[in-house]
Amino acid sequence: MRLALALAAAVLLEAQTFTQRGFIDTRATLYPQAAPGDSGHAVGEALIRWEPSLRVQRDLAVYGSVDARVDTHRMVERKLRFDWQDRRIQRPALSLRRLSAQWHRGGVTVEAGKQFIRWGKADILNPLDRFAPRDYLSVVDNDFLGVTAGRVTVERGSETLDLVVSPRFTPARTPLLNQRWVVVPPELSQFRFTDLGPRIPGRTQFGARWNHNGRGYEFSAVFYDGFHYLPLLDPRLNLLRGAIEFERFHPSLRLYGADAAVPLPWFTVKAETAWFRSRTTVADEYVLYVVQIERTWGEWVVVGGYGGEAVTARRNPFSFAPDRGLARSFLGRAQYTIDSRRTLAFETAVRQNGDGVWWKSEYSQQFGAHWRGTAGFTLIRGKAGDFLGQFRLNSHGVMGIRYSF
């Protein structure tokens, strides 16, 4: 009996494969101009990310990712606690970024836990990414947040069906009140603003995506039923305190969308569109779409296109919506590979009426096997009434160094 148990344990241990990777990233962001309510000109940040994975059997694997952060500008909490929900307004000092188990056999893949789900095909603007909330503390420099979900993907020939159920809602992280990425209208500048906290939805969210790979084209249709990950505000005036107090809440969302990609001899055409509908009476209903062309030319990869919006029901003139803020704009992205260690990248959005422009450039170089340095500059200009233009005092430069292990 002992020999059988020993042999079984040996087989199990042999089948398991543990791997890990990660990085230590430090960066400095420099703002030449001060902003109302935020006179800081420099922000220092450090991030340690560890990504372990364990393959238990040939068909079963567990993936994890843990972040540890610190900064000089209080975008990161000063309290050392382990966060797995991503529901606080500040970034947690220690957090679970991902923890999911994935089973795959034949054409079926099942994944459960905290994970990243991306459905969009386009660059810069992705109307279909409803299971992909972002960290918008620095609006134009954002990253994705994981969501707690179960996902089943079934592939049969040229057809793929993707089903997602998310029982716990994960909101996007929006800019902090006392920092430069919140722009208060001049007529409200005499009031203090008090955030009374969020009202987190409790209902489960559902989504489905069907994808077809045809001869010379790819097409998919998407359905989502849940909530906007970007909040609306429920304000009330407190005259005794001279303050505007507000709660953040997330309106219901039912989305119907589609995307397509068509490779042509000279370039690839991609299109993505979504119709946003809501049963919440104060939430807008609208259509977002993007059309772009993509071409690889030598060491260059170039993407250019247009993002548009059509409002079908305007109910709320005040909302923070970066995806809509990039609509009605000409969009572009380019990357040049100088050599195996050096790259140069550009991104831009220019409003069709010329009222706002965002331009980002970044140079990256690898040193040795583990080190990489980056330097970049983001230029933001425009009129105060434009989504991009309101951040015209937030042009900034970035310098960073990363050690990968």
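The values are calculated or read from the model by the stated rules, or taken from the named source; none is laboratory data. This is a predicted model, so every value here is computed, not measured. Using ideal geometry, Cβ is built from the backbone for each residue, glycine included, and neighbour counts are taken over all protein chains shown.
Structural remarks
- For the residues R381, R392, R372, R351, the requirement of being of a type in the set (K, R), in contact with an Asp or Glu (Cβ under 8 Å, 6 or more places away or on another chain) and in contact (Cβ under 8 Å) with a residue 12 or more places away in the chain singles out R351.
- Applying the criterion of being touching a Leu at 6+ places or on another chain (Cβ under 9 Å) and part of a loop (DSSP other than H, G, I, E, B) to the residues of the stretch 140-158, the residue that is modelled with the highest pLDDT is G146.
- Residue, surrounded by the fewest Cβ atoms within 10 Å (Cβ to Cβ), within the stretch 210-234, restricted to residues that are out of contact with any Leu (no Cβ under 9 Å at 6 or more places or on another chain) and of a type in the set (A, V, I, L, M): A221
- Against the list (1) surrounded by 15 or more Cβ atoms within 10 Å (Cβ to Cβ); (2) at pLDDT 95 or above; (3) of a type outside the set (A, V, I, L, M); (4) under 25 Å from T378 (Cβ atoms), the condition T72 fails is (1).
- Here the stretch 8-57 is the region considered, the condition is being basic (K, R) and surrounded by 13 or more Cβ atoms within 10 Å (Cβ to Cβ), and the residue that is modelled with the lowest pLDDT is R55.
- Verdict on R168 being of a type in the set (K, R), in contact with a strand residue (DSSP E or B) (Cβ under 8 Å, 6 or more places away or on another chain) and crowded, with 19+ Cβ neighbours inside 10 Å: no
- When each of R315, R333, R324 is tested for being surrounded by fewer than 18 Cβ atoms within 10 Å (Cβ to Cβ) and basic (K, R), the lone residue that passes is R315.
- Look at the stretch 41-53: where a residue is farther than 20 Å from E111 by Cβ and a partner is among the aromatic types (F, W, Y) and in a loop (DSSP other than H, G, I, E, B), sitting 6+ places away or on another chain with Cβ atoms under 7 Å, you get H41/Y31.
- Those strands (runs of 3 or more DSSP E) of the stretch 239-349 in which 3 or more residues are of a type outside the set (S, T, Y), more than 24 Å from A208 (Cβ to Cβ) and out of contact with any Ser or Thr (no Cβ under 7 Å at 6 or more places or on another chain) occupy 243-249, 285-297, 300-313, 329-337.
- Extreme residue, surrounded by the most Cβ atoms within 10 Å (Cβ to Cβ), among residues of the stretch 235-256 that are closer than 15 Å to V184 by Cα and of a type in the set (A, V, I, L, M, F, W, C): F246
- Selection within the stretch 352-387 - assigned to a strand (DSSP E or B) and among the basic types (K, R): K360, R372, R381
- Hey, S220 among the polar types (S, T, N, Q), more than 19 Å from the chain's Cα centre (by Cα) and closer than 17 Å to R151 by Cβ or not: yes
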